Each structure stands twice: as C-alpha cells, then as structure tokens.
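First comes the structure, then the notes that go with it.
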Amino acid sequence: MTALAAPTPVVHRAVRDVLPVVLAYAPFGLALGATLAATHLPAWVAWASSPLMFGGAAQLLAVQMLDAGAAGVFVVLGALVVNARLLLYSAALAPHTAAWPTRWRWLAAYFMADPVYALAITRFAGTDTDSPRERLRYYVTVGLVMWPAWMGLTGAGVLLGGVLPTSLRLDLAAPLTFLLLLLPMLTSRPAYAAAVTGGTVAVAASGLPLGLGLLAGAAAGIAVGGWLGGRHV
Amino acid sequence: MYELLVLAVIGLGTYAMRAAFLVMAHRSPPAPVARLLPYVGPAVLAAIVVPAFVAPHGTIALAETAPALLAAAAAWLAWRRLKRNLPIALFGGLAVWWIASWGISAAGGLGLGPS
C-alpha cells in the first residue's frame, strides 16, 4: 500500500471519479433520449437540447412543453427557472475557481451540469492540497468525459426510442441519479437540515407552476443550512 | 426552425447563469453569502429529488409513492454499505422499484390492495 500512497495524478483521479457517474447516468440519459424522440419535434432538434443546455431536467421540461404546444415565452421561462440552480452552483464554485485563467472559466461554465458540479465541489471542499491548476485539470477532465457521454447517451436514447420495450420503465432513473449526487454532500448536520428542509418545502410547494416549487425549496433549505451552520461555528 | 430557436434561447440564458459568478466574480463573495454557499447543493438537489420520490406523477398515491420510496431507501443503503458504488446503488434502486411496482400491481389485481 505504501508504494501506492504517492499522490495519484489528478487527471486519473478525475477519470476514476467520473466513470461510475457516467454509468449511473446511463438509464437517465437513455430514458431522456427516448422521451425526446417520442415528441413531435424533429429528432435532431429535440436532441440539440443536449449540446445547447447540457442539463437533463431542463431539457425534459422544455421539449415536453414545446411538444404540448406551449408558447415559446413560457417554455423559456420554465426552463430558466429550473436551471436557476446553476446560478447558485456558479456562486458556490466561484471561490474555488478565482485563480483560473479567464478563458478556462468561460469553458468551465459551459461544463457546469449537476454531476460536474457535484464531483467538483466534493473534491474542492474536501481537499486543501490541490493547487488551482490541479483543480482546473480535475474539473476539465470531468467535463470532457461527462459531455460526450451525455451527448452519446441521449443520442442513443433517441435512436433506440422505438426499440426499447415499453415495459422497461426508467422514469425513476432521473431522481435516483440526483439522489446519488446528493448523498456525498450530506457531510454535516446543517447540510442534512438544508436537504430535509429543501425537500419538504419543495413537496409542499410542488403545486406552484413553472417549477417554482423547486426554487422555494432551495431557498428555504439554503436559509436553514446557513442559519444552523452559523450557530455552530 | 421555431423550436430550435426556443431551445437556443434557453441554452444562451442557461450559459449566462452558469458563467455569472464563475467568470464575473473578481473577488470572494461577502461573508454572509459565503456562509450560505455550502448548503446550495444539498438544498437544491433535495428539492429536485424528494418531490420526485414522494409524488412521482405530481400526486401522492400509495401505488406510486411506496415503490419509489423503497427504491430510494435501497439505493441509499447500497451506496452506504458498498463503498459508495454509484452504479450498483442506481441499478439496485431501479430493480427494487421494478419489483415493488410489480408486487403492488399484482396485489391490486388480486384485490389485496390499491391498484
């Protein structure tokens, strides 16, 4: 073991961390692709949401709303509300990325999907030994694996949409995937409280339109986490 | 192509939100904000996840909710016990969900429970 205790190159670490996530994302990506293909939109247009948005939750909402004939303004509004969490991710990552060159931060922004954020923040918050350069390498490696994987999985789902048996139900794949991103973040009592509050309020507010229940839950959870965290420090 | 245009507008708006703090922030956020940031991930992901398990199709119904919650518990347990192995936890959770959904609909067909 001691011979192996030398620091693993950060790129290898990133690949080791992201590959299981890709595998775990497979059912969600395939199911989303099949859902995209089942709309009346041209398949390539529906799939184009993958490179344009790089985020399954908003892709699902936008394409389903378009399929149902919703006005473009409401589709944009709904998808942006669902994606407003990325604003929070951006703020949470910023202190760790401040030393990166600007053009790399523009690229990092494009890669900032839930799994990339979850892996990066878990790594950045958990280790103080990584230099900014190593953090950048970790982040970009995760993005460079996750991005083509998501394009391929959703693309395969589009192509296989008519072939997959309807008895193979995958609709719980998305929440299970997000649950497994959440679990490593539950590292303290305030973090648990933030999650419990966020989930409870989101359920109570789930009747709100345009995914506003999600934002209500997020706001309440963040407030409770910050309040408890502040008390204990 | 109208739909493509709508998707592109969403993509641009989404990218702007992603870049907002990452690219624009030139100094660390004020202390009251910095204190809240660690709770962004747990709160947001729980707000996505919990309603999807409790009310899979928008309403709480035993036949839908019970298998989904069982699947979540199974995935959580597998993740904790098996060295945080994501694929096993995910596919284990899906398997539990399939079995529980099948069991409940079979029981419903026999008149033993809610269908």
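Report the semi-axes of the equivalent ellipsoid for segment B:2-109 in whole Å, largest first, where each axis is √(5λ) for an eigenvalue λ of the Cα gyration tensor.
36, 21, 14
Using the crude model of +1 on Lys and Arg Cβ and -1 on Asp and Glu Cβ, and no other charge, please compute the dipole size for chain A relative to its Cα centre, in debye to 20.
That gives chain A a dipole magnitude of about 460 debye.
Just want to confirm a number: the relative contact order over chain B, from Cα pairs under 8 angstrom separated by 6+ residues, in percent.
Relative contact order here is 16 percent.
Computed FRET efficiency, Cβ-Cβ of residue B:77 and residue A:16, R0 35 Å: what is it to the nearest 0.05?
Working: r = 24 Å, r/R0 = 0.67.
Step by step, r from the Cβ atoms, then E = 0.90.
Place +1 on the Cβ of every Lys and Arg and -1 on the Cβ of every Asp and Glu in the protein assembly as shown, take the dipole about the Cα centre, and give the residue among A:95, A:118, A:200 whose Cα lies farthest towards its positive end.
A:95
Just to check I understand the Karplus step: with θ = phi - 60° and J = 6.51 cos²θ - 1.76 cosθ + 1.60, what whole-Hz values come out for segment A:121-138, glycine and proline as x?
Those phi angles translate into 5, 5, 5, 5, 6, x, 10, 9, 7, 5, 6, x, 5, 5, 5, 4, 4, 4 Hz.
In nm, give the distance between the simple-model label positions of residue A:156 and residue A:23, each being 7 Å from the Cα along the Cα-to-Cβ direction.
Between residue A:156 and residue A:23, the simple spin-label model gives 1.3 nm.
How would you rank A:119, B:12, going from fewest to most other Cβ atoms within 10 Å of each one's own Cβ?
Listed from fewest to most nearby Cβ atoms, that is B:12, A:119.
With +1 on each Lys and Arg Cβ and -1 on each Asp and Glu Cβ, and nothing else charged, work out how big the dipole of segment B:2-109 is about its Cα centre, in Debye to the nearest 20.
600 debye
What is the gain in length, in nm to one decimal, between residue A:168 and residue A:68 on full extension, counting 0.36 nm per residue of separation less the C-alpha to C-alpha distance?
33.6 nm
Please report the orientation-averaged projected area of segment A:1-125, defined via the convex hull of its C-alpha atoms, in nm².
Mean orientational projected area (segment A:1-125, Cα hull): 9.8 nm².
Using C-alpha positions alone, give me the convex hull volume of chain A per residue in cubic angstrom. Could the numbers behind the result be given before it?
Working: hull volume 36.4 nm³, N = 233.
Convex hull volume per residue, Cα atoms: 156 Å³.
Please work out the C-alpha center-to-center distance from segment B:56-115 to segment A:43-88 and express it in whole Å.
28 Å
Rounded, prolate or oblate for segment A:65-119? Axes are the square roots of the Cα gyration tensor eigenvalues, ordered a ≥ b ≥ c, and the cut-off for rounded is a/c under 1.5.
Taking the square roots of the gyration eigenvalues as a ≥ b ≥ c, segment A:65-119 is prolate.
How would you classify segment A:90-209 from its alpha-carbon gyration tensor, with a ≥ b ≥ c the square roots of the eigenvalues: rounded for a/c under 1.5, else prolate if a/b is greater than b/c, otherwise oblate? All intermediate terms of the calculation are to be shown ahead of the outcome.
Values: a/c = 2.29, a/b = 1.24, b/c = 1.85.
Oblate shape, in that a/c is at least 1.5 and b/c is the bigger or equal ratio.
For segment A:186-233, what does the relative contact order come out to in percent, with C-alpha contacts under 8 Å and a separation of six or more?
After rounding, I find 42 percent.
Rule-based calculations on the coordinates, nothing more; no lab input. All values derive from a computational prediction rather than experimental measurement. A quick note on method: Cβ atoms are made from the backbone with ideal geometry, for glycine too, and the neighbour counts reach across all protein chains shown.
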